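The block underneath contains the structure these notes are about, expressed in structure tokens.
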Amino acid sequence: MKKKMQKAVITGAAGFIGFHLAQELLKRGWNVIGVDILTDYYDPRIKQKRLALLKKYPTFRFYKINIAKYAALEKVLKTEKPDEIIHLAAQAGVRYSLSNPWAYIESNMLGTLNVFEAAKRLKFPRVVYASSSSVYGLNKKSPMSEGDRADTQISVYAATKKANEALAHSYNHLYSTEMIGLRFFTVYGVWGRPDLALFKFVKNILAGKSIDVYNHGKMKRSFTHVSDIVAGVVALLEQKPQGRNEIYNLGGAEAMPLLDFIKLIEREVGKKAKQHLMPMQAGDVRETVADWSKAHRDLGFVPKVSMHQGIVEFVQWFRANEKFLCTLQEPKQ
Ligand SMILES: NC(=O)c1ccc[n+]([C@@H]2O[C@H](COP(=O)([O-])OP(=O)(O)OC[C@H]3O[C@@H](n4cnc5c(N)ncnc54)[C@H](O)[C@@H]3O)[C@@H](O)[C@H]2O)c1
């Protein structure tokens with residue numbers, strides 16, 4: 001008997017991670033329904049490019065809607081009746097949350113409430129949603145585990161992500177919708193966000209411009225290749241919903257000091273970076289290192305892509321698309 005084609009709604013499908021997840025599910029024979037409003041926090045032209053790649057698949061459909069508008073979201077979900085909802089749409093970025101906190105409340109709080117409420121009303125069995133390593137805030141323990149208390153967020157962005165987890169708990173408790181929150185750790189890869197370090201560093205080093213190095217480089221991150229994140233989500237989707245409320249760290253194979261990360265980029269680009277040493281950015285945390293043993297135990301998650309591989313691939317992609325990428329407007333701050 002032919003297996004029924006699975007259908008997923010992905011919010012934030014024109015975004016960096018949403019695009020990669022959509023592409024992988026399409027390759028695996030899923031119907032994918034993308035939802036995104038194409039915000040202009042960073043230049044939406046890169047979102048259009050991602051969408052153009054997804055539209056090559058006949059099993060992809062796209063709705064340009066704002067998830068903070070409940071009726072519009074419910075209409076899409078009622079029409080499409082997906083098997084899975086993967087909620088990645090959000091106002092991302094730590095620094096911008098200091099200057100425009102309202103964008104975070106609208107997309108991350110109201111938008112997420114709408115996704116959860118629609119799932120409840122339409123009786124969907126599960127919502128998978130993006131959280132963030134930033135919820136660990138001022139925690140000192142490293143690596144960071146899901147069982148650690150996380151009560152000290154230091155940006156509006158991080159606070160909205162933690163609030164999403166609390167809301168997920170309530171919805172799971174009240175209505176038994178399975179709620180899976182994924183705390184992503186510094187995700188990178190091709191078609192990545194222009195506001196993130198790797199993009200900015202490669203762009204500026206290639207152009208001979210200086211790069212801003214925060215906290216004088218005394219930072220450490222579990223950089224996570226986007227294909228490892230996607231593999232984690234796919235592993236989860238292969239499990240039937242069981243009414244769980246869980247949080248998983250999805251983090252990279254190697255935790256790397258920022259200065260080593262810069263050295264790897266310099267080697268690949270073939271040029272030395274002009275480093276502009278800066279103090280710590282308000283809202284940012286010094287170290288986010290993932291303990292992903294829970295995701296390993298429950299989902300078989302193992303990050304596979306080394307930083308070296310990931311950076312080689314990124315620099316090649318950047319060079320191949322340099323003309324376009326260098327015309328993108330600077331992200332909002
Ligand atoms: N990239 C990372 O390193 C990282 C780390 C931790 C958590 N996350 C989380 O993962 C998710 C995906 O992140 P990303 O890096 O792909 O970000 P992204 O900004 O590239 O993608 C998010 C998408 O959501 C869309 N969006 C925002 N508000 C919306 C709204 N109200 N209605 C409809 N669409 C809306 C944006 O237009 C964007 O395309 C986000 O929830 C983010 O907070 C990302």
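Each reported figure results from applying straightforward, stated rules to the coordinates on display, with no laboratory input. Keep in mind that this is a model prediction, so the values were computed, not measured. Here the Cβ positions follow ideal geometry from the backbone for every residue, glycine too, while neighbour counts run over all protein chains shown.
The figures follow:
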item	result
Set of lysines with alpha-carbon distance to K323 below 17 Å, sequence-local pairs under 8 removed	K47, K49, K200, K203, K209
Over the chain: helical MRE at 222 nm, DSSP H runs n ≥ 4 each giving -39500 (n - 2.57), nearest 500	-11500 deg cm²/dmol
Span per principal axis, largest first, for the Cα atoms of segment 178-330 (Å)	53, 33, 27
Share, in percent, of DSSP beta bridges within the chain that are antiparallel, nearest 5	5
Cα gyration tensor shape of segment 87-178, rounded if a/c is under 1.5, else prolate or oblate by comparing a/b with b/c	oblate
Cα gyration tensor category, rounded, prolate or oblate, for the chain with a/c compared to 1.5	prolate
Stokes-Einstein D for segment 2-51, Kirkwood Rh over Cα pairs, 10 °C, 1.306 mPa s (µm²/s)	141
At R0 = 45 Å, FRET efficiency that the Cβ-Cβ distance of A72 and D148 yields, to 0.05	0.75
Point-to-point label distance, Q333-M280, nm (Cα→Cβ direction, 7 Å offset)	2.0
Relative contact order (%) - the chain, alpha-carbon pairs under 8 angstrom, separation at least six	19
Euclidean distance between Cα centres, segment 224-275 to segment 1-60, Å	20
Distant alpha-carbon pairs in segment 144-219 (separation over 15 angstrom), percent	72
Straight-distance crosslink candidates among aspartates and glutamates, where the alpha carbon sits under 20 Å from K141 and sequence neighbours closer than 8 are dropped	D151, E254, D284, E287, D291
Rel. contact order, % - alpha carbon contacts under 8 angstrom, at least six apart, segment 1-108	32
Three principal axis lengths of segment 10-166 [C-alpha, angstrom, descending]	48, 35, 30
Global geometry of segment 17-90, whether rounded, prolate or oblate, following the gyration tensor of its Cα atoms and the 1.5 cut on a/c	oblate
Segment 1-36: trypsin sites (Lys or Arg not before Pro) in DSSP loop, at most 15 other beta carbons within 10 Å	K2, K3, K4, R28
